[in-house]
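Student: Quick one: the structure is below, questions incoming.
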There are 2 protein chains.
Amino acid sequence: MSETLEKFKQYLDKMKKYGHVNTLLYWDMKTGVPKLGQAGHVDALTYFSTESFAMATSSELSGMLKTLSQPEEFSGLSDTMQFIVTRMKRDMDKDSRIPKERYEAFVRAQAESENAWEEAKAAADFSIFAPHLEKMIALTEELAGYTDPGRDVYDVLIDKYEEGMDAKTVDRLFGELKEGLIPLVKKILAAGQPDDAKFQGSFDVDAQRKVQDMLLSYIGFFREAGAVGESEHPFTLNFSSRDVRVTNHYYEHAPLFAMFSAIHEGGHAIFEQNVNPEYDNTVAGSCRYMGIHESQSRFYENILGRNRNFWLPIYGKLQDLLPQFRDISLDEFYREINHVRNSFIRTDADEVTYCFHIILRYEMEKAIFLEHVPVEELPGLWNQKMQEYLGITPSDDAEGILQDMHWSGASFGYFPSYLLGSIYDGMFLEQLEAELGPVDELLASGRILEITKWLNEKIHRYGSTRKPKEVLAAVCGREVTAEPLLRYFTKKYTEIYHL
Amino acid sequence: MSETLEKFKQYLDKMKKYGHVNTLLYWDMKTGVPKLGQAGHVDALTYFSTESFAMATSSELSGMLKTLSQPEEFSGLSDTMQFIVTRMKRDMDKDSRIPKERYEAFVRAQAESENAWEEAKAAADFSIFAPHLEKMIALTEELAGYTDPGRDVYDVLIDKYEEGMDAKTVDRLFGELKEGLIPLVKKILAAGQPDDAKFQGSFDVDAQRKVQDMLLSYIGFFREAGAVGESEHPFTLNFSSRDVRVTNHYYEHAPLFAMFSAIHEGGHAIFEQNVNPEYDNTVAGSCRYMGIHESQSRFYENILGRNRNFWLPIYGKLQDLLPQFRDISLDEFYREINHVRNSFIRTDADEVTYCFHIILRYEMEKAIFLEHVPVEELPGLWNQKMQEYLGITPSDDAEGILQDMHWSGASFGYFPSYLLGSIYDGMFLEQLEAELGPVDELLASGRILEITKWLNEKIHRYGSTRKPKEVLAAVCGREVTAEPLLRYFTKKYTEIYHL
C-alpha cells in the first residue's frame, strides 16, 4: 500500500470517529436528552461538527485526493476505494469553489430562516418568513453558481438529492402521472367513502409500541443491527449497516399513524442494514440518493403495507395486541388504510393524492427558480394549485405554503424525490412480479421475506455505488417511466372504489 | 483575567466536550446500541477516551496548573476555580509519579482480569481468576507506592473512593455495628418470617415501567433535567446537573426489584441534579465520594422507601398500576420489603444483612492488603466468614467470592463505601428529624419533597467541594458514628418482628 493510501485510510478512520459521535449526539437529541440537557448536546455537536467540517475541507485531504487520483496511484486502488476517491474529490472540488465567507453567510442565514419559519408557521403568518425565503432562494442560486457554473440552477438542485435526474425528466414523469391521475382521483372522490368512526377511539400507546415491534420484525428489520426510539417526527438514522435506528411517534387517537410510520421507516432501515458492510462509514456506504431511498420506504409502506394480503397473516396478531381491532374486519381495515381524501397536509395524505402534493411543490419550485415568481406571490400560487389539484383552499398559510420545513433550510429540489420513489416503485413492482410471481400471493402466504431478500440483492447491497439510473437499468432494464405506477393505482383503486 | 486562566478555561471546555461524548457513548452502549453496533461504539470510545486521557495528562495542562497555583495567580481566582486548580493539580501530581509503561501494564492486565473473572464466574471456577486477582493485587500495591509513597496501601485505597476515610475509622464503625447487629439478626432470623407467595406471580413489565415513573416523580426526580433507560444492571450517569439519567431492569417475576432500584437510582440522580450548576463539568461538580453518594441513594431506598409511611400516600396508585397488588395489603407489602433473610448474594440482600456482606468484604480486603493472605486461601476464608456472619455456606464460588466484579478491575477499597453510606444515613436521619420533625409524619402526610429539599440544601448542592468529613461536620456537627444506624435498625426490626 502506498504511503498516501495508508495516510488517507487513517484520515478516513478519524473522520469516521467524528461522524460517529455527531450521529449519536443527533440521535440522542431527538430521542433521549431531557429539555435542560439539550444545550450541552448542542455545544458538543457544534464542536465536533465544526471539527468534522474542517477535516472534510482540509488542504491535507485535498492533497491526498489529488495524489490518489493520479493514474499510477488510482489504478492500484480497489473498486471501492476508487469510488471513494472519485466521489470525495468531486464533492471537494465543487465545494471548494464556494468562497468561505459566502458559505458561512449561508449557514448563518439558514439558521435564521429556520427559526423564522417556525415562528411564521405558529403564527400562520407568511410575512414573517417571506424575507428569509427570499434570502434562501438568492443564496441557493449564488452557491449553485459556484459549484456548478453554467448549469440550470434547478437541475443542480434536483441532481443534489437524486443524482443524474433533471427537470426535463421529472416534467415528463410528473406529466404522465398527472394525465392519468386527475381523472382517476375525480372518480374516486365522487364514489362512496368508508366510515372511519372505528378508528377514532383511544388506542393504548404501549400496545401500539408492540404493534410496531411486530411489524418491524415481520418485514425483516434485523434487531441485532437495529434499535428503535421515539421522537416528535419519525426518522431513520444509521451509524453503519450494523447499527441502523428508526423512531416512531404514537398518537393515542390515530393508531394507523404509528403502524405505517413503522413500515415506512422500517423500509429505509432494511435498505441501510443490507448495504455491503465493506462500504461502511465511507461515501460508498449508506444510500445518498433520496429518490431511491424513498422508493424503498414507500415500497414497504404503500406497495406492500397497503395491500390487503400484507395483513392476512398478521391481522389476528394485530387484533390480539389492539383489542379494539376485533370489531374491525380486515375488509374495513383495508378500506381505511386506502381511504382517499383531498386533504391539506402532505404528510397526512393517502398514497394517491400524495402525488398531487408533490407535483404542486415541484411546480412551485420551478416557478421560483425558472420563472422567478416573486416571493410574495407564492402563497397565492400555492392556494390556486391546491384548488386546481385537490379542489380545496387552505384556511391559512400554516396549512398551506408554511406546512413543510424543507424550504426554510434551502432544501429546494428535495420534494420531487418522494414521488420519484413511488414512480420507481411501480417499476420495481412489475419487475419483482415478473421474477417472483404475484406479490398478492407472496404476501398472502406470509412469504414477505422473499420480497425483502429480492430488494436486498437487487438494490440495497449497492449502497451509493450505483446511481439511480444505474439501479433502474440493472433492476428493470428500462428507462424510468410513471406508467407502471399509474397502472398500479388504476387497478387497485378501481377495485376498492368499484369505479 | 490572566492569559493562563483564559487558556485554562478553554482547555477545560475542550475536555468537557470529550467527556461529554464519552459519557454519551457509554450511555448508549448500555441502553441503546444493537449487538452488532457495539464494535463501532467501542472504536469511537477508545479513540475519544484516549484523547481525553492525553488531555488530562498533558504537559500543557500541567504547566497551566503550575502557573495558576502560584500565589499571585491563585489569589485572584474564584473559590470554585481555586478548588478546581487545587484538585486537578493534586490528582495530576499523583498520577504523574506512575511510570507510563507501568500504568499501561495495569490497564492491559485489568482488561484481561475482567474477562477472566467473567469466565471464572460463569464456570464457578476460582482457579481461572486466581492468577489475575494476584496480579491485580500486586499492581494495586505497586501503583499505590508511586502515588502515595509511605502510606498504608489499604488506607490509600479507601481514601480513593471516600476521601479522608481510613481503615482505623472503618474498623471502629464496622466494629460498633457488628456488636449490635450480630445479636439482632440472630433474633430476627429466629422469629416468624412472612409468606412471600403473593410476590411471585407474573407482573406486567409495561406496568412496572409506569410504577418506576410514578416513584421517580414522587421522590423529586426532575424530568426536565433527567431521562430514564433500561439496561442489564441499573445505574445512574450524568452529563451535568442538567442531564442526569437513570436506568432500571424489569423482572417479570420480581416486581420489587425495579421499584427499589428506581428509588435507589433516583436518590443518586436527585443528588446530581441538585449540585450547584456553576460546578458543571468540572472536578467540583458531580460527587466523587462514593460513601456520600451511596448515602443518598440508600437514604431514599432504605430509610424512606422501606418505611411503611412512604407508601401510605401512593399505595393506591401502585395498586392501580399493578392490579395484583390489590390482593396485597399495605401491611403485607411492608413486611415483604423488610423481609430479612440470610442470603448469598449481596445485591439481593435486605438492608440489615447487607451490612454483613460488606463487613465480610472489608475484612477480606484487609486480609489481602494487611495480612497478605495468599490468593488461593481467599475462597476458603470467604466461606468461613459467610458461615460466621450468616450461618450459610455458598454451594460454589459463583455465589461466593466470584459474585462481584469489583476486584476483577482492581476496585479494592470500594466496598466499604456502601456501608459507610448507610452509617451516614443513620446520622442524617437523626439530624433531619431534629430539624424537620419525625420522618414518619412527613412521609405519612405526603411531604416527602420537604425531605428532598433538606437533602438538596444540606448535602447535594456542594457536589465535590465538601469532603465526606466536612459534610458530616456541617450537617450533623459531630464525628462519624454507627450508633444512629444501629438505633434505627433495632427500633424498626424489633417492631416488625415483635422481638
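The values are calculated or read from the model by the stated rules, or taken from the named source; none is laboratory data. Keep in mind it's a predicted model, so treat the numbers as computed, not measured. Glycine gets a Cβ as well: all are built from the backbone with ideal geometry, and neighbour counts include every protein chain shown. Only protein heavy atoms, including side chains, enter the accessible area calculation; ligands, DNA and RNA are left aside. Shrake-Rupley method; radii C 1.70, N 1.55, O 1.52, S 1.80 Å.
Student: Would you confirm, using the coordinates I've provided, whether B:Asp28 is acidic (Asp, Glu), within 14 Å of chain A (Cβ to nearest Cβ), out of contact with any Pro (no Cβ under 7 Å at 6 or more places or on another chain) and closer than 30 Å to A:Gly226 by Cα?
Tutor: Values: acidic (Asp, Glu): yes; within 14 Å of chain A (Cβ to nearest Cβ): yes; out of contact with any Pro (no Cβ under 7 Å at 6 or more places or on another chain): yes; closer than 30 Å to A:Gly226 by Cα: yes.
It is true that B:Asp28 is acidic (Asp, Glu), within 14 Å of chain A (Cβ to nearest Cβ), out of contact with any Pro (no Cβ under 7 Å at 6 or more places or on another chain) and closer than 30 Å to A:Gly226 by Cα.
Student: Using the structure shown, decide if B:Thr67 is of a type in the set (Val, Ile, Thr) and surrounded by fewer than 17 Cβ atoms within 10 Å (Cβ to Cβ).
Tutor: On the way: of a type in the set (Val, Ile, Thr): yes; surrounded by fewer than 17 Cβ atoms within 10 Å (Cβ to Cβ): no.
Answer is no for this residue.
Student: Do any residues in region A:29-51 that are without any contact (Cβ under 8 Å) to a residue 12 or more places away in the chain have Cβ atoms under 7 Å from those of residues that are polar (S, T, N, Q), where the two are at least six apart or on different chains, and which pairs are they?
Tutor: That search, which allows pairs on different chains as well, returns A:Gly40/B:Ser240.
Student: Next question, about the same structure. Which pairs do you get when a residue that is farther than 17 Å from A:Asn115 by Cβ, found in region A:397-412, comes within reach of a residue that is of a type in the set (S, T, N, Q) and open to solvent by less than 20 Å² (accessible area, probe 1.4 Å), reach meaning Cβ atoms under 7 angstrom, with the pair 6+ apart or on two chains?
Tutor: From residues that are farther than 17 Å from A:Asn115 by Cβ, the pairs are A:Phe412/A:Thr140.
Student: Moving on to the next point. When only residues in region B:221-241 that are within 11 Å of A:Pro34 (Cβ to Cβ) and surrounded by fewer than 20 Cβ atoms within 10 Å (Cβ to Cβ) count, which is farthest from the other protein chains (Cβ to nearest Cβ)?
Tutor: Taking the candidates together, the pick is B:Phe222.
Student: Separate question: For the structure I just gave you, tell me whether A:Val185 is closer than 25 Å to A:Cys355 by Cα, away from chain B (no Cβ under 11 Å) and in contact (Cβ under 8 Å) with a residue 40 or more places away in the chain.
Tutor: Working: closer than 25 Å to A:Cys355 by Cα: yes; away from chain B (no Cβ under 11 Å): yes; in contact (Cβ under 8 Å) with a residue 40 or more places away in the chain: yes.
When the stated conditions are applied, A:Val185 passes them.
Student: Being of a type in the set (Gly, Ala, Ser) and at the interface with another protein chain (Cβ under 10 Å from one of its Cβ atoms) is the requirement here; does B:Gly37 meet it? Even if it seems obvious, please write down each step before you answer.
Tutor: Values: of a type in the set (Gly, Ala, Ser): yes; at the interface with another protein chain (Cβ under 10 Å from one of its Cβ atoms): yes.
Yes; evaluated as a whole, the condition is true for this residue.
Student: Which one of A:Arg97, A:Arg87 is among the basic types (Lys, Arg) and touching a residue at least 60 places away in the same chain (Cβ under 8 Å)?
Tutor: Working: A:Arg97 fails: touching a residue at least 60 places away in the same chain (Cβ under 8 Å).
None of the other options fit; the residue is A:Arg87.
Student: Can you find a residue that is open to solvent by less than 70 Å² (accessible area, probe 1.4 Å) and away from chain B (no Cβ under 14 Å) anywhere in region A:41-52?
Tutor: No - not one qualifying residue is present in region A:41-52.
Student: Which residue is most open to solvent (accessible area, probe 1.4 Å), if the candidates are limited to region B:419-467 and must be part of a loop (DSSP other than H, G, I, E, B) and of a type outside the set (S, T, N, Q)? Outline the logic, then answer.
Tutor: From region B:419-467, those part of a loop (DSSP other than H, G, I, E, B) are B:437-438, B:445-447, B:459, B:463-467; that's our starting set.
Imposing the further condition that a residue be of a type outside the set (S, T, N, Q) reduces the set to B:437-438, B:446-447, B:459, B:463, B:466-467.
Details: B:Gly437: 18, B:Pro438: 64, B:Gly446: 35, B:Arg447: 103, B:Ile459: 5, B:Gly463: 5, B:Arg466: 62, B:Lys467: 73 Å².
My answer is B:Arg447.
Student: Right, A:Glu265: part of a helix (DSSP H, G or I), of a type in the set (D, E, K, R) and in contact (Cβ under 8 Å) with a residue 60 or more places away in the chain or not?
Tutor: no
Student: Any residue in region B:191-211 that is free of Cβ contacts under 8 Å to residues at least 12 places away in the same chain, within 14 Å of chain A (Cβ to nearest Cβ) and not aromatic (Phe, Trp, Tyr)?
Tutor: Among the residues of region B:191-211, at least one is free of Cβ contacts under 8 Å to residues at least 12 places away in the same chain, within 14 Å of chain A (Cβ to nearest Cβ) and not aromatic (Phe, Trp, Tyr), which makes the answer yes.
Student: Which of the residues that make up region B:242-278 are open to solvent by 10 Å² or more (accessible area, probe 1.4 Å), within 14 Å of chain A (Cβ to nearest Cβ) and either over 24 Å from A:Leu25 (Cβ atoms) or not basic (Lys, Arg) (or both)?
Tutor: B:Tyr250, B:Gln273, B:Asn274, B:Pro277
Student: Any residue in region B:59-72 that is in contact (Cβ under 8 Å) with a residue 60 or more places away in the chain, closer than 23 Å to B:Asn238 by Cβ and touching a Lys or Arg at 6+ places or on another chain (Cβ under 8 Å)?
Tutor: Step one: filter region B:59-72 for residues in contact (Cβ under 8 Å) with a residue 60 or more places away in the chain, giving B:64, B:67-68.
Restricting the remaining residues to those that are closer than 23 Å to B:Asn238 by Cβ gives none.
The answer is no, given that none of the residues of region B:59-72 is in contact (Cβ under 8 Å) with a residue 60 or more places away in the chain, closer than 23 Å to B:Asn238 by Cβ and touching a Lys or Arg at 6+ places or on another chain (Cβ under 8 Å).
Student: Collect the residues in region B:2-25 that are closer than 21 Å to A:Val228 by Cα and facing chain A (nearest Cβ under 9 Å), keeping them in residue-number order.
Tutor: As a first pass, look at region B:2-25 and keep what is closer than 21 Å to A:Val228 by Cα: B:21, B:23-25.
Correct list: B:Val21, B:Leu24, B:Leu25.
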